[in-house]
Amino acid sequence: MAAQNDPVHEVALGGINSLPKPPDNRTEDPARRRGRPRVLMANEPRAYREGIAAVISQLRPTVDVETVEPDALDESIKRYVPDMVICSKATETLKGRVRVWVELYPENGAISVANIGGRRMEYTEIQLPDLLSIVDKAEELAKAN
Amino acid sequence: MGARRILVANELTSYRQTLAIVLRELRPHVEVFETASEYLEGEITRLRPDLVICSHVTYAVRQRVANWIELYPECKPYSTFYIGGQHRAKRDVQLTDLLALCASLP
């Protein structure tokens, strides 16, 4: 299934408040925070990885976000046990162990691939709101388990 | 002097959007604009930015913008900064490098 976004007609985002809000059914109780969903960021280049992590942390405060270098991806998956991974190159360890992942701009092209609980999606020009939406889906799947 | 203007024109959309939003949030004293790279030259004319951040610096950027960053061309880990008339190559730029520069634009 392909989610299409025409880069010519994309809308420039405003401030952080212009981005989609999380679903309303979230709670902030301490028990929930201890077991909160985990997002592992391992894409490159570095400033983009750090920037996306900052945005997710700000807009999805119920989610834990960790950033690692791409070559530490497999080891970090085993240690951190993330509910979602964003990376530049999906590995076999990732595919075998993580239910939600995004291969963001592999080979530096405009195409990105997401796997959401076994459902593959291809994005011709993925946007930041798409990534936030996938984070929300990962959180829903984590809650369901 | 009015607020400094930064134009973000990197090629990959989510990366461009991320940079623009982070700069707006963490450097609220600067005006941050965002455009697809194909519209960069027109936006330089319209906005007259003090700093351009892009994936490939163009002739128009070199001629008409006082400060620019060619950030990760081809997503490689090196970048070129042209700030205050000085060129500087930098490997593995961090988000904090960009934030620091935006806080102290000449």
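Each value in this text was obtained by applying a stated rule to the coordinates, not by laboratory testing. These numbers were taken from a predicted model, which means no experiment stands behind them. Counting neighbours? That spans all protein chains shown, and the Cβs are built from the backbone with ideal geometry, glycine included.
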Subject >> 18 Å Cα-Cα reach of A:K78 towards lysines, excluding residues that sit fewer than 8 places from it in its own chain >> reply: A:K89, A:K95
Subject >> Order of B:T58, B:T35 under a 10 Å beta carbon neighbour criterion, fewest first >> reply: B:T58, B:T35
Original post:
Within segment B:41-106, which GluC sites (Glu not before Pro) sit in a loop by DSSP and count at most 10 neighbouring Cβ atoms inside 10 Å?
Top reply: none
Subject >> Cα gyration tensor shape for chain B, rounded if a/c is under 1.5, else prolate or oblate >> reply: rounded
Original post:
Quick one: Cα centre-to-centre distance for segment A:87-145 and segment B:1-32, in angstrom?
Top reply: 25
Original post:
For the residues A:D64, B:D50, what sequence is obtained by ranking on other C-beta atoms within 10 Å, fewest first?
Top reply: A:D64, B:D50
**OP:** Please report B:V30, A:V135, A:V98 as a ranked list, fewest other C-beta atoms within 10 angstrom at the top and most at the bottom.
**Re:** B:V30, A:V98, A:V135
**OP:** With a/c under 1.5 counting as rounded, go ahead and sort segment B:1-42 into rounded, prolate or oblate using the C-alpha gyration tensor (a ≥ b ≥ c being the square roots of the eigenvalues; past the cut-off, prolate if a/b is larger than b/c, else oblate).
**Re:** oblate
Subject >> Shape call, segment A:37-144: gyration tensor on alpha carbons, a/c limit 1.5 >> reply: rounded
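Take every residue in peptide A:52-61, count the Cβ atoms of other chains within 10 Å of its Cβ, and give the average of those counts.
Values: counts 8, 3, 7, 7, 1, 0, 4, 1, 0, 0.
Per-residue shielding by partner chains comes out at 3.
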